[in-house]
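*Asks:* Below you will find the structure I want to go over with you.
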Amino acid sequence: MNFQLTRNAFGRLVLTTAEGAVHEGVVPVRAFALTAPEEDIALVSAEGKELVWLPTLEGLPEATRALIREELARREFMPEIRRIVAVSSFATPSTWTVDTDRGPTTLVLKSEDDIRRLKGPGSLLIADSQGIHYLIRDRRALDAASQKLLKRFL
Amino acid sequence: MSASSTLPQPPATAEVVATLDIDLDERLNFTSDRIVLTPREIRHGERAWPLSTKLSLTHHDHAGVGTLELSDGERLLAAWRYTLGRNPAALKFEREFNRWKECLTSGKPPAEPAETKCPICQAPIPPDEEECPNCARELHTPPSTWVLLRLWRFAVPYKGMLFAGFLLTLAATAATLVPPYLTMPLMDDVLIPYQNGQPIDWAKVAWLLGGLLGAALLAWALGWARTYILALVSERIGADLRTTTYEHLLKLSLEYFGGKRTGDLMARIGSETDRINVFLSLHLLDFATDVLMIAMTAVILFSIHPWLALITLLPLPIIAWLIHIVRDKLRTGFEQIDRVWAEVTSVLADTIPGIRVVKAFAQEAREAQRFREANRHNLEVNDRLNRVWSLFAPTVGLLTEVGVLVVWVFGIWLIAKDTITVGVLTAFLAYISRFYTRLDSMSRIVSVTQKAAAGAKRIFDILDHVSSVPEPKTPAPLPPVKGGIEIDDVHFRYGNRAILRGVSLTIRPGEMIGLVGHSGSGKSTLVNLICRFYDVSEGAIRVEGVDLRNVPVAEWRRHIGLVLQEPFLFFGTIAENIAYGKPNATREEIVAAARAAHAHEFILKQPFGYDSLVGERGQSLSGGERQRISIARALLIDPKILILDEATSAVDTETEFEIQQALNNLIRGRTTIAIAHRLSTLRRADRLVVMDRGQIVEIGHHDELMEKQGHYWRLYMAQSKQLDAPPPLGAEEEAA
């Protein structure tokens, strides 16, 4: 490990390399956000330049790892849909009322094309009109009512 | 979306000047909370931060989450998060904050807020709203069946024909109902008396059969007239809808086109209008006829025998409801099949254009497997649907039979009680079998109406859109254009990004200006503003002392010749393409323009000379040749102002030299604004304007700027290094 990571008073991450260069506003980015979220994480400068490549978070000091995880959690927003309560119509644009792991909310589905099938069995990624991505980890694990609503859009 | 209010007057008390409803908490869980701005402080629940000059608000967004941060220059005081739907409100909050902060330093009441624009379509947003009403509607409202009523606007010119069509429908339907009625006397007065031993009254038979034939002929003639007239009207309505939508679309600004997929717009004007057309001429007409028929039949049946009529009509709603349920199941199935079909075709659309890649990487087997997979999915869905679908027709048959059976049972019972005659029962049976068969097609109306409504909504989405480059209400006449342009403190925002920040430049008539800078520095935007493809957010662009926004758009653009990086040739002859901006140009003019553009000679090499086809199918021209045709096009309209937007970037150096010669002819005597990535092409420029991040950083001649060793020098050095030798590490960064 040849860098140091701290958080400054503005809440930004500051990275100090072994050569002593200081980068403010460093951002951790998952290279494979969907297929391998826990591996291959890059630390990128505020200008978008890659500074550090971490194939895994293992072996990093506890504090650094915590900082990276904290920052990732703060930046990442991919609510997981647990239940589809209601949909306003089966024709798009359609407003869905859903329960997510981050609490209940509504989303607007612009078109069926915004539902993307992921590699895993039954897992879907739904982009709403504002560019937020909602995850359905396994649609077959949803309750029957949700599945029935969802099926109309697949 | 959220409530917020602006008070233009400086309030004496701690009034609320802006609010922001945040919907995410610190750990990005959904919540609902509110922060409030008053002229004195920012409040969030119990906490409050008094306004001071040290405070600053900044916003940024990532992955659909916006963050608003409050800091005092030394540390972060608070951060609020929200989904991007709240972004307009957040931007307004930030704007209001800055306005009130400013008046702390100046001591003056805050200036009026500038007009805000929609981040999506750039149309001005009414002051009391945060979101552009058009875009919000397009995004959030599902199609409602009521949209179809708005089509009435297109039906108005054909009111008379529509009314005639309605009368004909009424008459035709009535005519079809006559034959069953005539079976009654035929049965009771002719056939049954004959069976009881009385001779047949031939005169009466002839009279009745003549009536049957007459009614059939009448129904045929009326039906023909009705269908013809209504088809005529609906075709006209469809055509009007198409042209109106297309005309409106052409008037919309470039922003609108930037945000839309071409295929989507084409589908809206093409197939959606056609779907509405079919709906009007076929489905709606059939439905109206069916409803009329059922109503008229009911009246006739009740007039013959009320009780039997009641029994006959009673199962009708039940059967209609059952059919509707089955249809509904089928509809979702059909929708699914549609989507599976899309999957199958997308495999094809993917591989066929990329066949060279597929073959080069020897992946035929995998692509075949992918297709087989999609096909298997298709088969599965079809099998599932066919299980229901194969049941459907027999079920409708069964239901009809059951309905008829009920009438038989009750009818026989009534005959046995001598309440009705055999003729009445026959008439009833004849009537009922007529409309039971129509129930199926009637049940279809729900789904076709929904589809037509969705199509209508997508069309009205275009029609309701207001151009963000509006024609002036009271246009000022454009004085004779000499070619001078005055750019006065121009700001331009696209969405929430500031692209131009206070650009001022006075361009003299006949001057050649070279615009230089990294990509994204705002060069093309400035040019687009001069062409008035967009309107400035703040400041003004003036020609001969008149603000561009006060001049009719088309009149101004007539003075501008535009040569783009990607010359676009329409399908047509070379001559037509050259004369695009001046369709009535003479042959001499066209040839002169082509000569000046150094295009004449290669045009003569084409098989039909100036009459050779180019455009979509005429791709025999090279990039440089196409560019010279587009230069000839710009030359022909003899513009006072010439804009070259990377006109030579897409061609090799040799072709560039030829184009450069053509351009030299073009530039002579005109105000020219040229954007070029290759700095060497701008040597002839009178002044070079160097832009960086939306501002002008340097102005001057090549030699002056080189001496300065500033932005231009760095750009120039980076380029010449790239040309001479493989760039050392770091040179790219300098250039990028």
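*Asks:* Would you pick out the residues in region A:48-90 that are among the aliphatic types (A, V, I, L, M) and surrounded by 15 or more Cβ atoms within 10 Å (Cβ to Cβ)?
*Replies:* A:L51, A:V52, A:L54, A:L57, A:L60, A:L67, A:I68, A:L72, A:M78, A:I81, A:I84, A:V87 - these are the residues of region A:48-90 that are among the aliphatic types (A, V, I, L, M) and surrounded by 15 or more Cβ atoms within 10 Å (Cβ to Cβ).
*Asks:* Pick from B:T351, B:T332, B:T345: which is among the hydroxyl-bearing types (S, T, Y) and more than 20 Å from A:E112 (Cα to Cα)?
*Replies:* Going through B:T351, B:T332, B:T345 in turn, the sole match is B:T351.
*Asks:* Give the residue, chosen from B:I300, B:I276, that is of a type outside the set (S, T, Y) and surrounded by fewer than 19 Cβ atoms within 10 Å (Cβ to Cβ).
*Replies:* Exactly one residue qualifies, and that residue is B:I300.
*Asks:* Do you know which of the residues in region B:547-562 that are within 14 Å of B:I641 (Cβ to Cβ), hydrophobic (A, V, I, L, M, F, W, C) and in contact (Cβ under 8 Å) with a residue 40 or more places away in the chain is surrounded by the most Cβ atoms within 10 Å (Cβ to Cβ)?
*Replies:* B:V551
*Asks:* For A:V98, are the conditions met, namely being buried (at least 19 other Cβ atoms within 10 Å of the Cβ), over 28 Å from A:R12 (Cα atoms), of a type in the set (A, V, I, L, M) and at the interface with chain B (Cβ under 8 Å from one of its Cβ atoms)?
*Replies:* Criteria not met by A:V98.
*Asks:* Mind checking whether some residue in region B:29-44 is modelled with pLDDT under 80, closer than 18 Å to B:K101 by Cα and more than 10 Å from chain A (Cβ to nearest Cβ)?
*Replies:* So far as region B:29-44 goes, no, none of its residues is modelled with pLDDT under 80, closer than 18 Å to B:K101 by Cα and more than 10 Å from chain A (Cβ to nearest Cβ).
*Asks:* Give me the residue from region B:72-86 that is within 8 Å of chain A (Cβ to nearest Cβ) and touching a residue at least 24 places away in the same chain (Cβ under 8 Å) and, out of that set, nearest to the chain's Cα centre (by Cα).
*Replies:* Ranking the candidates gives B:G85 first.
*Asks:* When you scan region A:50-75, how many residues do you find that are closer than 27 Å to B:W80 by Cβ and either within 14 Å of chain B (Cβ to nearest Cβ) or in contact with a helix residue (DSSP H, G or I) (Cβ under 6 Å, 6 or more places away or on another chain) (or both)?
*Replies:* 7
*Asks:* Can you go through B:P142, B:P193, B:P119, B:P199 and tell me which one is away from chain A (no Cβ under 14 Å), surrounded by 12 or more Cβ atoms within 10 Å (Cβ to Cβ) and at pLDDT below 90?
*Replies:* B:P193
*Asks:* I would also like to ask the following. Applying the selection to region B:467-487, what residues are at negative phi and either in contact with a Ser or Thr (Cβ under 6 Å, 6 or more places away or on another chain) or hydrophobic (A, V, I, L, M, F, W, C) (or both)?
*Replies:* Matches in region B:467-487: B:S467, B:S468, B:V469, B:A476, B:L478, B:V481, B:I485, B:E486, B:I487.
*Asks:* Looking for whichever is buried (at least 17 other Cβ atoms within 10 Å of the Cβ), modelled with pLDDT of 90 or more and under 51 Å from the mean Cα position of the chain (by Cα) here; the options are B:A215, B:A164. Which one fits?
*Replies:* It is B:A215.
*Asks:* Out of all the residues in region A:83-93, is one or more out of contact with any His (no Cβ under 6 Å at 6 or more places or on another chain), under 29 Å from B:E69 (Cα atoms) and either more than 8 Å from every other protein chain (Cβ to nearest Cβ) or touching a residue at least 60 places away in the same chain (Cβ under 8 Å) (or both)?
*Replies:* No, region A:83-93 contains no residue that is out of contact with any His (no Cβ under 6 Å at 6 or more places or on another chain), under 29 Å from B:E69 (Cα atoms) and either more than 8 Å from every other protein chain (Cβ to nearest Cβ) or touching a residue at least 60 places away in the same chain (Cβ under 8 Å) (or both).
*Asks:* Starting from residues that are at pLDDT 80 or above and over 22 Å from the mean Cα position of the chain (by Cα), keep the ones in region B:427-458 and report whichever is nearest to B:V396 (Cα to Cα).
*Replies:* B:I432
*Asks:* Test each condition in (1) more than 28 Å from A:A46 (Cα to Cα); (2) at pLDDT 85 or above; (3) surrounded by fewer than 16 Cβ atoms within 10 Å (Cβ to Cβ) for B:T6 and report the one that comes out false.
*Replies:* (2)
*Asks:* Further question on the same structure: Check region A:111-126 and report whether any residue there is crowded, with 16+ Cβ neighbours inside 10 Å, away from chain B (no Cβ under 13 Å) and out of contact with any Ser or Thr (no Cβ under 6 Å at 6 or more places or on another chain).
*Replies:* yes
*Asks:* Can you tell me which residues in region B:329-363 are within 12 Å of chain A (Cβ to nearest Cβ), without any contact (Cβ under 8 Å) to a residue 24 or more places away in the chain and among the charged types (D, E, K, R)?
*Replies:* B:E335, B:D338, B:R339
*Asks:* For region A:139-148, indicate whether the set of residues that are buried (at least 17 other Cβ atoms within 10 Å of the Cβ), more than 14 Å from chain B (Cβ to nearest Cβ) and under 16 Å from the mean Cα position of the chain (by Cα) is non-empty.
*Replies:* no
*Asks:* Within region B:459-467, does at least one residue satisfy the condition of being in a loop (DSSP other than H, G, I, E, B), more than 14 Å from chain A (Cβ to nearest Cβ) and surrounded by 20 or more Cβ atoms within 10 Å (Cβ to Cβ)?
*Replies:* yes
The values are calculated or read from the model by the stated rules, or taken from the named source; none is laboratory data. No experiment lies behind these values; they were computed from the predicted model shown. As a convention, Cβ positions derive from the backbone with ideal geometry for all residues, glycine included, and neighbour counts pool all protein chains shown.
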